[in-house]
Amino acid sequence: MRIQMLLSMPRLVLLLAAFHAFLIHATPLLGVETIKFRTADKERTAAGEILVEAQDGGVMLQADDGQIWTLQPEDIIERKTDDRPFEPIDADEIQSRLENELGQGCAIYRTQHYVICYNSSEAYAKQVGALFEQLYRSFFIFWKNQRWELPEPKYPLVAVVLRDHGAFLSYATNDIGDTAKSVIGYYHLGSNRMITFNVPDWERNVATIIHEATHQLAYNCGMQRRFADNPMWVSEGLAMFFETPDRRNPRNWRAIGSVNQVNLRRWIQAYPRRSNDSLVTLLADDMRYRNPGEATAAYAEGWALTYFLIKTKRKEYVKYLRLLSEGKYLAEKTKRQRLDDFEECFEMTLEQTNRAFLAYMRRLR
């Protein structure tokens, strides 16, 4: 089980509440904003575009390296604005900043689309880089075949690849706190980085790498908007749809959309306890994913529903993803809005969807 997209969650909820009541605008302003601010008892300076500004002076800034900083008024030391056009930095500058930030203990390996900071062996970094690029190609081809031409990422994609669990905990605890103890990889919404380590079980390792890299791609190609209302069943279902290992392939991954046997087994195990309103609770909010007693079943059902919809309602599923991609920063939908979006895009009632879904999954068992 993995928890992938982290600010951490309690902090994100507080920020959503703080900004939601005082929004002035939620579209990028022209020009470049340079802000000096305090974070984690350190002073930093970032230049980029303002995504959201609140009446009390709080801002959401997307920096030129792709990181998003959500700053309360008391965090901000100084602000300057100029009329230069905003432009993301390139891979050379990303590499330079990573080297300064993470120090001599990390080396850099670059592929066509990724900047990988690693303290493992170079051979392992190259293995991971090859998987990233294989996913990158396959991801865009898959959606192009669904008649959705996604734009390529504006920013070089950054991955931090660590040698073992100890190195991962050292890095991740500073990043996401105690949650680091319960995950083996994650994509961080704020930093726009994915972080993982060399898990001894290569098949599990491959699934984690592909899973987190899928999150990163989805949030960097316009499919999903960071800090918008992205239902967890969609985000996690997509990542699990892509992650399925392939033991016949030398890299243990090739085919997109094969049956995810791990999650199929979890679905079968959870099915006898599945409630009549399970589909409604999965779609309406994300609480089942945040409840330790329900999370495993929620992940399995999220994968199963995604698999069913892509295999049987592909056109409608893409329509639904397109609708979600238009979500506004920091705007949360009500439970009713989430359910209405689903029914509108799939042109079925939830009861009809549930019957068809269960019938389909019975044939996979």
When you scan the stretch 119-126, do you find a residue that is at pLDDT 95 or above, in a strand (DSSP E or B) and not aliphatic (A, V, I, L, M), even just one? no
Any hit, the stretch 43-60, residues being among the basic types (Lys, Arg), surrounded by fewer than 21 Cβ atoms within 10 Å (Cβ to Cβ) and under 20 Å from LEU189 (Cα atoms): yes
What number of residues within the stretch 128-149 are touching a Lys or Arg at 6+ places or on another chain (Cβ under 8 Å) and either aliphatic (A, V, I, L, M) or not assigned by TED's automatic domain parsing to the domain that holds GLU212 (or both)? 2
For residues that are in a helix (DSSP H, G or I) and aliphatic (A, V, I, L, M), scanning just the stretch 180-222, find the one that is nearest to PRO292 (Cα to Cα). ALA180
Among the residues of the stretch 153-164, is any closer than 21 Å to LEU238 by Cα, in a loop (DSSP other than H, G, I, E, B) and either under 19 Å from the mean Cα position of the chain (by Cα) or not small (Gly, Ala, Ser) (or both)? yes
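Of everything in the stretch 45-97, what is aliphatic (A, V, I, L, M) and either in the same structural domain as MET194 (by TED's automatic domain parsing) or over 18 Å from ARG225 (Cβ atoms) (or both)? Give them in sequence order. Outline the logic, then answer.
Residues of the stretch 45-97 aliphatic (A, V, I, L, M): 46-47, 50-52, 54, 59-61, 63, 68, 71, 76-77, 89, 91, 94.
Hits for the stretch 45-97 are ALA46, ALA47, ALA54, LEU71, ILE76, ILE77, ILE89, ALA91, ILE94.
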How many of the residues in the stretch 104-152 are acidic (Asp, Glu) and either in contact with an Asp or Glu (Cβ under 7 Å, 6 or more places away or on another chain) or touching a residue at least 40 places away in the same chain (Cβ under 8 Å) (or both)? 1
Residue that is closer than 24 Å to GLN146 by Cβ and of a type in the set (Asp, Glu), where the choices are GLU326, GLU294, GLU332: GLU326
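Mind checking which residues of the stretch 127-152 are touching a His at 6+ places or on another chain (Cβ under 9 Å) and either crowded, with 16+ Cβ neighbours inside 10 Å or not in a helix (DSSP H, G or I) (or both)?
Listed by number, the residues that qualify are PHE132, TYR136, GLU152.
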Among the residues of the stretch 282-290, is there at least one that is in a helix (DSSP H, G or I), in contact with a helix residue (DSSP H, G or I) (Cβ under 9 Å, 6 or more places away or on another chain) and over 23 Å from TYR320 (Cα atoms)? yes
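Scanning the stretch 153-190 for residues that are aliphatic (A, V, I, L, M) and without any contact (Cβ under 8 Å) to a residue 40 or more places away in the chain, which turns out surrounded by the fewest Cβ atoms within 10 Å (Cβ to Cβ)?
The qualifying residue surrounded by the fewest Cβ atoms within 10 Å (Cβ to Cβ) is LEU169.
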Hey, could you check the stretch 53-71 for residues that are among the hydrophobic types (A, V, I, L, M, F, W, C) and modelled with pLDDT of 95 or more and say which is farthest from LEU330 (Cα to Cα)? ALA63
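Residue-by-condition table, conditions (1) in a helix (DSSP H, G or I); (2) under 14 Å from GLY237 (Cα atoms); (3) not assigned by TED's automatic domain parsing to the domain that holds PRO151; (4) not hydroxyl-bearing (Ser, Thr, Tyr):
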site: PHE308; (1), (2), (3), (4): yes, yes, yes, yes
site: LEU323; (1), (2), (3), (4): yes, no, yes, yes
site: GLN337; (1), (2), (3), (4): yes, no, yes, yes
site: THR353; (1), (2), (3), (4): yes, no, yes, no
Within the stretch 64-96, how many residues are in a strand (DSSP E or B), crowded, with 18+ Cβ neighbours inside 10 Å and β-branched (Val, Ile, Thr)? 2
Of all residues in the stretch 329-365, which are in contact (Cβ under 8 Å) with a residue 60 or more places away in the chain, among the charged types (D, E, K, R) and surrounded by fewer than 16 Cβ atoms within 10 Å (Cβ to Cβ)? GLU332, ARG365
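The values are calculated or read from the model by the stated rules, or taken from the named source; none is laboratory data. Just so we're clear, the structure is a prediction, and the values are computed from it rather than from any experiment. Cβ coordinates were reconstructed from backbone atoms using ideal geometry, including for glycine residues, and neighbour counts include every protein chain displayed.
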